[in-house]
Amino acid sequence: MNTPAKSPPIQTPDAQVTVLDDEVEAAQFTRWTSLANGRRLGESSLRIGGMHCTACAATIEQALQGVTGVTEVRVSAAGQCATVSWDVERTRPSELVQAIERAGYRATPDTVADARAFRLKESRDALWRLFVASFCAMQVMMLATPSYVSASGQLEPDLKQLLDWGSWLLTLPVMIFAAAPFLSGAWRSLRNRRIGMDVPAALGMLVAFIASSGATFDPGGVFGREVYFDSLTMFISFLLGGRYLEMRARHHAERSLEDTIGRLPEIALRESPDGSVMAISVLRLKRGDIIRVPVGGAFCADGIVTQGQTRADESLLTGESAPVEKTVGDAVVAGSLNLAAPVAMRVEHVGADTRYEAIVAMMRDARTQRPASVTASDRWATPFLWSILVLAAAAAAVWSVIDPSRAIWVAVSVLIVTCPCALSLAAPSAMLSAAMAMAKQGLLLRRIEAIEGLAGMQTLFIDKTGTLTEARRQRATMIRTGPDERWTDDALRQQAASLAAWSTHPLAKVLAQETAKATGVWHGLRETPGQGIEGCASDGSIWQLGRASRAVPVAANDGHDAETWLSRDGQPVACFRFTETLRPGAMEAVRALEQDGVSVILLSGDSAERVHRVGRLLGLNDCQGGMAPQDKLTAVREAQARGQQVAMLGDGINDAPVLAQADTSIAMGEGAQIARAQADGVLVTNDLQDVVRARALAKKTLRVVRQNFIWAASYNAACVPLALMGWLPPWAAGLGMATSSLLVVLNSLRLSR
């Protein structure tokens, strides 16, 4: 007898959440760091559903902070996302998701696939709620029409009551289904002893529904005979319509961002030692794997081309729109596109170690940052909400004396029209749109507060080598300090290139590409910021590459060339000189910044002659050379002590302390990792013109924030008196509230274009 095949086990929601605890799966939305004491921390990025205001964000923060092992939480209501740092030994990602869901919200990993599925469900739910509310509102309006058009006493009481019963029945699905997000949001806020922006709206809905229901079933009772089911359903429709349009605008911005950064494929073609090819998940790739990349596919890891020749689109990572030629031995980066021919590559870096993931991590960080303007609006939101409740109660009390039949409806209008959604969205929506626009232009922000810093900077300290200038990609000129038959010219070049390959200095990078035979083995490598790199060769000799000692006699140099010295056991053996040129657009960028009121100061560790030469080319009056990292740090601190808003633009290891000290800091995309880690933003295009454009956008962003605040305040100043005087019915109050929030969001979205 044939045994029927077993059906696969049903994957329950709990099982789906538990899958997140698999470290390979968690790596899609989590970064791992190790502390000095041996502790291992994860930083997970999650998408949140059902969040509409800062009170929601505070509720989620409180829920996550209650999870054992959580060390830090950042939640953004505008970005609808959360970043959570947690101890790997004490908690798991599934516990974070479950804590958010227990608080009454939805959570999913912040990955492209999950985010798209999340948006699809959110959009469908919102559209169904809007349809139900709008359809029922039209039917209720139809039933309410005889009461409006008939003369006094013309409509029979029993017929009117029948029509009211019909309106009540049609309002039930609106209250139970369509208005559920507002009612559940208000309940969550009250349950957590907070007052959120859903509270006034939900309170107005409940009061209107209860009063109209009382008038329907007991016409001679305390609620009178008038019902306002038409105003109630219309108000809910307008409110849902406004939120739906806000959601569509936010989804559009998110899709645009994902199109920019969502390039990594899910499947990689790994080549086995026997030559066979197997399709595996990119999450399973390891360093040393050989993978094949077809034409039109994306490189899924950082690595080296081992077979074939092609062109790659690296515009996402470098800002260079022209395709880059790639042949055997050339480096390729994750997220770039293979345009010309199939190639094979050896994986060098995967996951969080790739430049692509570093960019994605910075984008996620920026979405959950809370600049000062956002924090200030958050502080005003709660007192304002309490003022609304007090004002509505006072209005009801006054109108109960003037005209008791209108007291409830005036209170409802006040509750609805004064909901501070627009006030809450004024700053975060603008900041988020600006950060996304800067990311598309090539400036990735690690801290969204940098927008305010860019707009307000008064002094910009800027490094020279690798920032303002770039060494020409040509063979460096080598000058030997004396005859030494043990070392030929080619051997010295190879030795210098081998040592330079371990440094991130721009000149070292040029020197490292001098020869393909730079295969020396080094021990005890040590790089000193501002001085150079040192290593012990296999024969025990100590070699240094970097700045020359003051005691070393330097051959004639007119100051136009940069140079680095190679020494063996403290004795100089060769000097390498490089002809430097200004980066394209550097001169125009500096002039534009100075015309915009920014004082640009050149700081460099190079000789004063070369620094002043570059300064003269740029038209700068303040140029300081021969500066150690501590000297640069002192210069920045002195400017800050004078009350100036200071920004720093650099690229090297020696710039890291200054980048950390400055009020606003930007690191070059091709600079040292430690410099990028300390900076508020990373200029991936390495184009200084993008700094000028970013400052202009930052200033425009602050203007948009002010416009949003002025609009929100003006709207309340105009509509609150109308509601208090009874001239604004509930449906008109709902329309005004929804329109106000929508205008703020649309005004902010102008920044992303």
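The values are calculated or read from the model by the stated rules, or taken from the named source; none is laboratory data. Quick caveat: nothing in here was measured; it's all calculated off a predicted structure. All Cβ positions, glycine included, derive from the backbone under ideal geometry; neighbour counts span all protein chains shown.
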Index of the failed condition, Glu588 passing every other in (1) more than 21 Å from His505 (Cα to Cα); (2) touching a strand residue (DSSP E or B) at 6+ places or on another chain (Cβ under 9 Å): (2)
Residues of region 430-461 satisfying the condition of being within 12 Å of the chain's Cα centre (by Cα) and not in a helix (DSSP H, G or I): Leu443, Leu444, Leu445, Arg446, Arg447, Ile448, Glu449
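Every residue, every condition in (1) of a type in the set (Lys, Arg); (2) within 23 Å of the chain's Cα centre (by Cα); (3) farther than 22 Å from Leu444 by Cα; (4) modelled with pLDDT of 80 or more, yes or no:
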| site | (1), (2), (3), (4) |
| --- | --- |
| Phe209 | no, no, yes, yes |
| Ser212 | no, no, yes, yes |
| Arg225 | yes, no, yes, no |
| Thr233 | no, no, yes, yes |
| Leu240 | no, no, yes, yes |
| Arg243 | yes, yes, yes, no |
| Ala249 | no, yes, no, no |
| Pro265 | no, yes, yes, no |
Selection count, region 585-612, where residues are surrounded by fewer than 20 Cβ atoms within 10 Å (Cβ to Cβ) and either more than 24 Å from Leu454 (Cβ to Cβ) or of a type in the set (Asp, Glu) (or both): 7
Which numbered condition Ala201 fails, given (1) touching a residue at least 40 places away in the same chain (Cβ under 8 Å); (2) more than 40 Å from the chain's Cα centre (by Cα): (2)
Residue match in region 381-388 (condition: at pLDDT below 75, surrounded by 17 or more Cβ atoms within 10 Å (Cβ to Cβ) and on the phi > 0 side of the Ramachandran plot): no
Selected residue (criterion: modelled with the lowest pLDDT) from residues of region 131-142 that are touching a helix residue (DSSP H, G or I) at 6+ places or on another chain (Cβ under 6 Å) and surrounded by fewer than 20 Cβ atoms within 10 Å (Cβ to Cβ): Met141
When residues of region 414-435 are limited to those that are at pLDDT 80 or above and farther than 15 Å from Leu742 by Cα, the one surrounded by the most Cβ atoms within 10 Å (Cβ to Cβ): Met431
Residue among Asp110, Asp125 that alone is charged (D, E, K, R) and buried (at least 20 other Cβ atoms within 10 Å of the Cβ): Asp110
Residue under evaluation Thr564, criteria (1) assigned to a strand (DSSP E or B); (2) of a type outside the set (A, V, I, L, M); (3) touching a Gly at 6+ places or on another chain (Cβ under 8 Å); (4) more than 30 Å from Val333 (Cα to Cα), criterion not met: (4)
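Just to verify a result, which residue in region 302-343, among those that are among the acidic types (Asp, Glu) and either part of a loop (DSSP other than H, G, I, E, B) or closer than 25 Å to Leu444 by Cβ (or both), is modelled with the lowest pLDDT? Working first, answer last.
Let us first name the residues in region 302-343 that are among the acidic types (Asp, Glu), namely 302, 313-314, 320, 325, 330.
Add one more test, that the residue is either part of a loop (DSSP other than H, G, I, E, B) or closer than 25 Å to Leu444 by Cβ (or both), and what stays is 302, 313-314, 320, 330.
Working: Asp302: 83, Asp313: 78, Glu314: 72, Glu320: 52, Asp330: 85.
Among residues in region 302-343 that are among the acidic types (Asp, Glu) and either part of a loop (DSSP other than H, G, I, E, B) or closer than 25 Å to Leu444 by Cβ (or both), the one modelled with the lowest pLDDT is Glu320.
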Any hit, region 201-208, residues being surrounded by 20 or more Cβ atoms within 10 Å (Cβ to Cβ) and more than 30 Å from Ala63 (Cα to Cα): yes
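What residue, among those in region 58-87 that are among the small types (Gly, Ala, Ser) and at pLDDT below 80, is surrounded by the fewest Cβ atoms within 10 Å (Cβ to Cβ)?
Initial filter on region 58-87 (among the small types (Gly, Ala, Ser)): 58, 63, 66, 69, 76-79, 82, 85.
Restricting the remaining residues to those that are at pLDDT below 80 gives 58, 76-79.
Values: Ala58: 19, Ser76: 23, Ala77: 25, Ala78: 25, Gly79: 29.
Out of the qualifying residues, it is Ala58.
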